[in-house]
Amino acid sequence: MDPTTEAADRALDAFRASRTVEGRFLSYCRGRSRHFWTRQALILIFAPLFLIFADWELTLAMALTVFLGEALDCLVLARLGASRNLSDKLHLAIGITTLTGAIQAATICVFVAFVATIGGEETRSLAGAIFLAALLDAALLYGVHRGAAVVRIILYLLALFVLSLQGWLHFEGTDRKLVADVVGTILLLYVGWSVIRHDQKYRNRRSAAQLALLEGTRTLAHTNDALEQSRQTTKRLAMVAERANDSVIITDADGNITWVNRAFTRATGYSFSEVVGRSVDLLDGPQTQKDASARLVAARRDQRPIRLEIINHRKDGAPIWVEVSMTPVFGEHGELMNMVSVERDISEAKEREHALAEARRVAEDAVRARHTFLATMSHEIRTPMNGVIGMADLLLDTDLDPMQRSCVRTINSSGEALLAIINDILDFSKLGAGGVEIASEPFSPRACFQGVMDLVQPLAETKDLELHLVLPASLPEWVRGDQGRLRQVLLNLLGNAIKFTERGSVRVEVAIRLDGDDCHLMMSVRDTGIGIAPEQLERVFDFFTQADATVAERFGGTGLGLSISKALVEAMGGEISAASRPGEGAVFHVSVTLPLASVAASGTGDPEGKLAHSRLVERLSGLRMLIAEDNRTNTLLLERMLAATGAQLSFAMNGREAIDLFREHAPVVVLMDVHMPILDGLEATREIRRLEATAGLGATPIIAITANAFPEDRDLCKEAGMTDFVTKPFRKLELFAAIRACLDAESQESVGPPRDEPRRKIG
């Protein structure tokens with residue numbers, strides 16, 4: 001606060017304090033005690049005059065009496081006046097000073113009587129003058145100490161009465177003298193009353209004037225202080241606004257510009273004089289968004305704040321992106337004074353945003369291109385692989401000598417290795433796109449583990465490795481989860497263990513912990529292979545990474561198996577880790593939590609499918625099957641695989657032929673290749689479904705035979721109306737299982753004749 005303002009506040013507070021009862025009392029104490037020696041000086045000056053009428057002893061005694069009365073009163077007043085706050089002692093102090101005032105007045109009365117008697121008629125006028133002075137002094141004290149003033153006046157009047165009575169008796173006064181004395185006394189009382197009244201009025205007027213003056217001074221000081229602070233604030237705000245990097249625009253209620261800062265002139269190219277008085281719409285241009293401009297106009301009309309992004313235009317017409325924050329400023333009575341807009345140039349941010357959008361588009365195009373490439377390569381590679389693996393399987397079912405069987409097994413295992421690489425690449429693509437889905441179906445963990453061991457047993461035997469599986473006796477019969485993904489993880493870990501182990505053994509140990517309805521599976525795959533160096537251990541789960549650069553040359557592989565396994569385990573909500581030392585083998589730990597299942601997974605207890613195969617042969621014998629496939633090798637493979645079923649086979653080279661043969665033969669099952677010339681399998685399936693709907697027939701099982709292995713390919717087949725999906729390269733058991741599942745489902749849903757009988761032809 002300004003010193004002048006503080007001084008004005010202190011002066012007003014002090015004056016108000018002096019007008020209270022305590023303030024007036026303290027003023028009385030300090031004033032009377034301060035003028036003590038002045039009053040004594042008068043006594044010393046006039047005391048020698050009384051020696052003319054009295055001896056010096058009596059004169060000295062009278063002077064001493066007056067002095068002691070004054071001294072007693074002023075001593076008490078001086079002590080009380082030195083106090084800052086009398087608080088609850090105020091009434092006691094008033095009583096004490098009233099008493100000392102009475103004593104002091106009594107000494108004056110004695111002195112007046114002394115003066116009046118020592119000289120008779122010669123000193124009566126002097127005594128009257130002293131008496132009048134004392135009476136006026138008492139009257140002037142009425143406004144600050146009413147009690148002391150009243151008691152003094154009473155004593156003085158009483159003394160006057162006594163002296164008048166004494167004089168009248170002593171001088172044998174007449175009635176006229178008595179009347180004169182009475183009139184004089186009354187006149188004296190009137191004078192005293194007039195003095196008190198006028199003194200009170202004067203004091204009140206003076207006090208009111210002083211109070212008004214002090215209040216005015218204080219108000220003026222505070223107003224000046226507020227104005228100075230406002231001026232300083234305005235100066236600082238103006239300096240900030242002037243030097244701010246963002247444009248600041250102040251407009252009136254009609255949208256006309258009243259002030260802009262330097263940043264505005266730099267950003268727009270307009271000078272201060274060019275824009276003041278003009279509408280803010282001058283910043284609009286061809287690229288200004290109409291909706292954004294309309295929102296600003298509406299906000300100005302509704303007198304509300306708004307924040308938005310808009311394209312403004314410079315003086316030269318160049319567009320600039322700005323973020324506008326507009327706020328209304330209201331007056332004391334709620335009227336709109338100004339609209340203040342702060343505009344930040346966000347052109348660079350918008351350019352980065354557009355660049356990011358373009359980069360995102362390019363990346364998405366690259367992902368689509370990669371997906372298309374992988375889908376094409378999958379189709380092109382899987383189609384011939386179907387012939388290689390399928391024909392090798394068929395050869396293994398014939399009579400071969402040991403050398404021939406060994407050669408066929410080599411062809412088959414090489415095909416399986418190549419297929420594993422293809423599957424790894426496809427899995428890698430799916431994981432990168434977040435396209436892997438985890439199923440939740442009941443399965444037998446014991447059968448799952450044993451099945452995986454059976455699959456890798458031939459590979460272990462070729463290297464003379466011991467293969468062990470240790471299962472706990474308390475392993476649940478059924479759990480719920482994705483058996484296929486769990487098998488894939490175990491196959492990858494076992495495949496790695498066997499690949500990097502030249503002698504010794506590979507051991508799979510399974511432990512469990514039951515927790516309510518959950519089964520915590522902990523699997524360890526331990527080998528006695530080459531091991532992994534500590535510095536390389538953390539990188540074994542990275543894509544396309546192997547522990548040593550010489551590993552790929554010595555053992556082969558893509559470096560995808562472990563990384564895919566890690567991604568699959570984490571997708572199932574589990575964890576995978578590894579521990580190893582070079583030359584001492586390695587151990588991989590997998591832990592997943594699967595809920596217990598009360599419903600057994602589908603199965604007949606016939607793991608090799610011999611009984612199911614026999615039943616399928618019985619159901620298809622003599623019935624018509626339609627095969628739509630444009631690849632000669634695949635056609636030959638399907639013909640050889642299905643020959644044992646006794647079904648009558650019809651072959652189509654494209655979708656159009658497939659539709660014609662479907663109309664002619666009404667087959668019980670259709671095997672439909674997806675990619676064919678003239679009309680592909682998807683369109684052919686849609687046409688067949690339309691024909692069936694027109695004829696009022698049920699849906700014939702149509703199984704897609706395709707080399708496309710992506711989930712979206714399966715979805716396309718389902719949308720087209722296909723019943724199931726078999727991926728190339730396929731094995732005979734897989735194909736037969738798909739045909740059997742479709743026929744079983746159709747038999748359960750059909751309310752007409754059994755599908756084992758010939759169907760009615762269409763058209």
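For N245 and N224, what is the calculated FRET efficiency with R₀ set at 45 Å and r taken between the beta-carbons, to the nearest 0.05?
Here the calculated transfer efficiency is 0.80.
Keeping the other protein chains in place, figure out the carbon and sulfur percent of the accessible area of region 42-106, with a 1.4 Å probe.
Here it works out to 74 percent.
Calculated FRET efficiency, R301 and E358, Cβ-Cβ r, R0 60 Å, to nearest 0.05?
FRET efficiency, R301 to E358: 0.95.
DSSP loop (so not H, G, I, E, B), at most 12 other Cβ within 10 Å: list which trypsin sites (Lys or Arg not before Pro) in region 449-530 pass both filters.
R503
Could you check how much of the accessible area of region 316-356 is carbon and sulfur, as a whole percent, using a 1.4 Å probe? Don't skip to the answer; put the middle values down first.
Details: 1370 of 2560 Å².
Taking all protein chains in place, region 316-356 shows 53 percent carbon and sulfur surface.
At 0.36 nm per residue, and after removing the present C-alpha to C-alpha distance, how many nm does the segment from S614 to A644 gain when stretched out fully?
9.8 nm
For region 500-545, what is the relative contact order in percent, using Cα pairs closer than 8 Å and at least 6 residues apart in sequence?
38
Residue by residue through region 397-406, which ³J(HN,Hα) values in whole Hz follow from phi under the Karplus form 6.51 cos²θ - 1.76 cosθ + 1.60 (θ = phi - 60°), with glycine and proline marked x?
My calculation for region 397-406 gives 7, 9, 7, 10, 7, x, 5, 5, 5, 5 Hz in order.
Across region 483-500, in residue order, what do the Karplus-derived ³J(HN,Hα) couplings come to in whole Hz, using 6.51 cos²θ - 1.76 cosθ + 1.60 with θ = phi - 60° and x for Gly and Pro?
Using θ = phi - 60°, the values come out as 4, x, 5, 5, 4, 5, 5, 5, 4, 4, 5, 5, x, 5, 4, 5, 5, 9 Hz.
Tell me the per residue accessible area of region 33-108 using a 1.4 Å probe; a whole number in Å² is fine.
Normalised by residue count, the accessible surface of region 33-108 is 62 Å².
For region 464-544, run through the chymotrypsin sites (Phe, Trp or Tyr not before Pro) and keep only the ones in DSSP coil with at most 13 other Cβ atoms within 10 Å of their Cβ.
Listed in order of number, the matching sites are F544.
Which of the chymotrypsin sites (Phe, Trp or Tyr not before Pro) found in region 1-91 are loop residues per DSSP with 13 or fewer other Cβ atoms within 10 Å of their Cβ?
none
Could you go through region 562-579 in sequence order and give the Karplus-derived ³J(HN,Hα) for each residue, using 6.51 cos²θ - 1.76 cosθ + 1.60 with θ = phi - 60°, rounded to whole Hz, and x for Gly and Pro?
5, 5, 5, 4, 4, 5, 5, 4, 5, 5, 7, x, x, 9, 9, 8, 9, 9
The values are calculated or read from the model by the stated rules, or taken from the named source; none is laboratory data. All values derive from a computational prediction rather than experimental measurement. FYI the Cβ positions are ideal-geometry reconstructions off the backbone, even for glycines, and counts take in every protein chain you see. Heads up: the accessible areas ignore ligands, DNA and RNA and are worked out on the full protein's heavy atoms, side chains in. Shrake-Rupley method; radii C 1.70, N 1.55, O 1.52, S 1.80 Å.
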